[in-house]
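For reference, the structure is listed below as structure tokens.
The values are calculated or read from the model by the stated rules, or taken from the named source; none is laboratory data. Keep in mind that this is a model prediction, so the values were computed, not measured. Positions of Cβ are generated from backbone atoms using ideal geometry, with glycine treated the same way; all protein chains shown enter the neighbour counts. The protein model used for the area step is the full one, side chains on, heavy atoms only, and it has no ligands, DNA or RNA in it. Shrake-Rupley method; radii C 1.70, N 1.55, O 1.52, S 1.80 Å.
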Amino acid sequence: MREILNSLVQYEGIQSASVVSLDGVLVASALGHDGGPQAADLSDHEVQPVQTMAALASGWLGEVMRAVGPLSWDVPYRCVLRATQKSLIIHAFPGSFLLLVTEPNVDPEETRSLMDDAVQQMVAHIQASHAATAPYAEGAHPPGALPSQPTTPLRLSTPGDSSAS
């Protein structure tokens with residue numbers, strides 16, 4: 001996942017790329033610098049603003065989903081907040097979202113295909129890791145200690161039932 005984020009911050013104008021859970025917890029992050037991308041092994045001084053941004057973006061995304069979601073067929077998955085100094089671009093996917101912080105001269109539409117590709121790779125990575133850690137295929141569960149259905153059908157007689165013996 002870090003390789004995906006590092007590839008995003010290599011583009012000119014993208015300052016940081018982060019994966020954040022919907023409850024605001026920073027999962028992974030990469031910062032872009034003049035000397036190239038910096039991995040998620042950041043000092044506390046560098047991590048704090050990214051964590052704060054992740055929490056604020058999560059709250060903002062939640063409010064947008066609650067406000068706009070009932071007005072459309074689907075819940076919005078892409079949100080853009082443009083300001084004079086930076087822009088925030090969010091692409092939500094199940095359980096998390098990808099957050100980009102860009103320079104104001106970067107058109108958010110130019111990042112759409114980059115973010116779509118990155119999210120597809122992340123979702124595939126997450127699904128592959130879930131499949132590798134799950135000992136059973138989806139839908140196949142180990143047999144339980146007790147049978148899930150009775151082995152012999154029980155027929156209880158009710159008053160006035162002529163078919164009961």
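Before moving on, here are some points about what is shown:
- Among the candidates ALA83, ALA92, the residue that is surrounded by 12 or more Cβ atoms within 10 Å (Cβ to Cβ), at pLDDT 80 or above and small (Gly, Ala, Ser) is uniquely ALA92.
- Tabulated pairs, the range 55-78, first farther than 15 Å from GLY24 by Cβ, second open to solvent by less than 70 Å² (accessible area, probe 1.4 Å) and assigned to a loop (DSSP other than H, G, I, E, B), C-beta under 9 angstrom, 6+ apart or interchain: VAL68/PRO76; GLY69/PRO76
- The criterion of at least 1 residues that are of a type in the set (Ser, Thr, Tyr), within 18 Å of the chain's Cα centre (by Cα) and more than 16 Å from GLN15 (Cα to Cα) is met by the following strands (runs of 3 or more DSSP E) wholly inside the range 40-119: 96-102.
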